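Student: Here it is, the structure, as structure tokens.
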Amino acid sequence: MSGSLQGNVLTSAGWVNGSIDFAERVTAIHGEKNDPVDNSQLYILPGFVDLHVHGAGGKDTMEAGDAAEVIARMHAQHGTTSLLATTMTAPMADLEAALSALKSICETRTKGAARVLGVHLEGPYINPGKLGAQPDFARIASLEQVKHLHAIAPIRLITVAPEMEGHLQLVRDLTEMGMVVQLGHTLGTYEEGVAALDNGAKGFTHLYNAMSRLDHRAPGMVGAALAHAQFSEIIPDLLHVHPGAIKAAMRAIPHLYCVTDSTAASGMPDGQYMLGRQVVHKCLGGVRLADGTLAGSTLTMDQALRNLVSIGLTIADASKRVSTYAADYLGLPDRGRLHVDSYADIVVLDRKLNLVAVYVEGEKIDLANA
């Protein structure tokens, strides 16, 4: 399995007008540095990296069976080449079942699908007063419980509310284990956010959403993120966060990266779907609970890229925020960028930023049903 593509290649060192050769990994990049505005050729970018994926194609990560495969295939058809399968706050038995179902796809990539890098455990160790669209199964964390779940399937990222009893110590312990800890679904103060960062927390879950807000006398968790974070995820569907707030976060947080927070409704017609144990409704481009609360999204990463460019980012900057920074966050130097020996995770786009082709570790993805 080998291939070669010609066009404007966005490499780690900048744009090259030429070609990229690859098998499972990139073997060579040829050409000269050149601004792509000087020609009409295709854009060749690193594959997208999405660290917050609940579902797609009518399937939810909390389901068993073939759910994870359906989700990974659908997102690959929209340019996501690697992702974290994200759980919902749920009873322990549900979490055990979900992780058991995810174990095999975390170990072996399914043909035609994105690489599932592991699990993002979004709860249950969150504040019951800031559930957002999470079911009401929040609880105080137990290190032994997290270790038990991690033994079932690899937890690469975990969301916690740092203000809950014992959670500051948990942040420290999980960080020492090598797990990436981020803060979310929290009513924590600015000071509690800063303390969690000082104890090893690395980022924030869907910045602005489901966290204590910024006020000039009570900066809250948003203030802690804007003042101190190097990394944070954000949902750029332009429903969860106003473009102006996205731009403010980009000025404050050097490695702000994008996630979809996608649900089973992604890639599906309007209607009723499941998000963990929650019933959600897709209509008017969004996903909501019956009371109108936003409940994840229908966003795909190719649309996230287009949204970023539509609010004024360059393609190169937008690419970093849908690919490179997320890979950096997980410590993956061979994903989310194109250079010799990086994985051949590649998206090819036309001049309107529509997908033309996707490659996952050198395998060309069938876009016929996208």
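Student: So, in segment 85-132, how many residues would count as being assigned to a loop (DSSP other than H, G, I, E, B), in contact with a strand residue (DSSP E or B) (Cβ under 9 Å, 6 or more places away or on another chain) and crowded, with 24+ Cβ neighbours inside 10 Å?
Tutor: The total comes to 8.
Student: I need the full set of residues from segment 147-195 which are small (Gly, Ala, Ser), surrounded by 22 or more Cβ atoms within 10 Å (Cβ to Cβ) and under 24 Å from HIS54 (Cβ atoms), in order please.
Tutor: Listed by number, the residues that qualify are ALA153, ALA161, GLY184, GLY188.
Student: Got a number for residues in segment 238-277 being surrounded by 17 or more Cβ atoms within 10 Å (Cβ to Cβ) and of a type in the set (D, E, K, R)?
Tutor: 1
Student: Can you pull out every residue in segment 151-197 that is part of a helix (DSSP H, G or I) and touching a Cys at 6+ places or on another chain (Cβ under 8 Å)?
Tutor: Within segment 151-197, none qualify.
Student: Considering each of GLY296, GLY312 in turn, give the residue that is farther than 17 Å from LEU84 by Cβ, touching a residue at least 12 places away in the same chain (Cβ under 8 Å) and out of contact with any helix residue (DSSP H, G or I) (no Cβ under 6 Å at 6 or more places or on another chain). Show your work before the answer.
Tutor: Details: GLY296 fails: farther than 17 Å from LEU84 by Cβ.
Residue meeting the stated conditions: GLY312.
Student: Which of (1) among the hydroxyl-bearing types (Ser, Thr, Tyr); (2) touching a residue at least 60 places away in the same chain (Cβ under 8 Å); (3) crowded, with 16+ Cβ neighbours inside 10 Å does SER40 not meet, given it meets every other one?
Tutor: SER40 satisfies every listed condition except (3).
Student: Only one of VAL259, VAL280 is closer than 27 Å to ALA316 by Cα, touching a residue at least 40 places away in the same chain (Cβ under 8 Å) and not charged (D, E, K, R); which?
Tutor: VAL259
Student: Report yes if MET74 is surrounded by 24 or more Cβ atoms within 10 Å (Cβ to Cβ) and at pLDDT 95 or above, otherwise no.
Tutor: Considered against the rule, which asks whether it is surrounded by 24 or more Cβ atoms within 10 Å (Cβ to Cβ) and at pLDDT 95 or above, MET74 comes out as yes.
Student: When residues of segment 285-323 are filtered for being in contact with a Ser or Thr (Cβ under 8 Å, 6 or more places away or on another chain) and either part of a helix (DSSP H, G or I) or more than 24 Å from ARG73 (Cβ to Cβ) (or both), how many remain?
Tutor: 3
Student: Now for a separate question. List every residue pair whose Cβ atoms sit under 6 Å apart, with the two residues 6 or more apart in sequence or on different chains, where the first one lies in segment 359-370 and is in a loop (DSSP other than H, G, I, E, B) and the second, anywhere, is at pLDDT below 95.
Tutor: GLY362/MET1
Student: For segment 324-347, give me each residue that is hydrophobic (A, V, I, L, M, F, W, C), outside any helix (DSSP H, G or I) and crowded, with 18+ Cβ neighbours inside 10 Å.
Tutor: If the condition is that a residue be hydrophobic (A, V, I, L, M, F, W, C), outside any helix (DSSP H, G or I) and crowded, with 18+ Cβ neighbours inside 10 Å, then LEU330, LEU332, LEU338, ALA344, ILE346, VAL347 are the ones that fit.
Student: If a residue has to be exposed (fewer than 14 other Cβ atoms within 10 Å of the Cβ) and more than 30 Å from LEU157 (Cα to Cα) to count, how many in segment 1-37 make the cut?
Tutor: So the answer is 9.
Student: If you don't mind, there's one more thing I want to ask. Inside segment 213-236, can you point out the residues that are touching a residue at least 60 places away in the same chain (Cβ under 8 Å) and under 20 Å from LEU131 (Cα atoms)?
Tutor: Listed by number, the residues that qualify are GLU233, ILE235.
Student: Shifting gears a bit: Being more than 20 Å from PHE204 (Cβ to Cβ) and surrounded by 23 or more Cβ atoms within 10 Å (Cβ to Cβ) is the filter here; which residues of segment 303-317 pass it?
Tutor: Across segment 303-317, the qualifying residue is only LEU305.
Student: Which of the residues that make up segment 260-284 are within 20 Å of the chain's Cα centre (by Cα) and part of a strand (DSSP E or B)?
Tutor: Hits for segment 260-284 are SER262, MET274, LEU275.
The values are calculated or read from the model by the stated rules, or taken from the named source; none is laboratory data. No experiment lies behind these values; they were computed from the predicted model shown. For neighbour counting, all protein chains shown are included, and Cβ atoms are generated from backbone atoms with ideal geometry for every residue, glycine included.
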